[in-house]
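To start, the structure under review is shown below, and the notes come after it.
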Amino acid sequence: MVLDAGERKQVLERAAHVREVPTGFRSGSEGLPASGEPRAACAAGEPVGEPVRGEGG
């Protein structure tokens, strides 16, 4: 399966979010922080909110 540019961008954005949730960093590593990371909402020690149910589940 080949993704077009828009689909690839969406997949990369979702992957970054998945890495950010447990680590606080979109790269998944505190050794590779982007500008402004970790965001206050993703900082270590902050409580995680209620899970959000996806479309497929």
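None of the figures in this text is laboratory data; all of them are computed from the coordinates on show. Note that the structure is predicted; figures quoted are calculated from it, not measured.
Here are some notes:
- With 0.36 nm allotted per residue and the present C-alpha distance subtracted, the residue 53-residue 4 stretch has 15.0 nm of extension available.
- Compared with the direct C-alpha span, the chain from residue 18 to residue 30 gains 2.9 nm at full extension, assuming 0.36 nm per residue.
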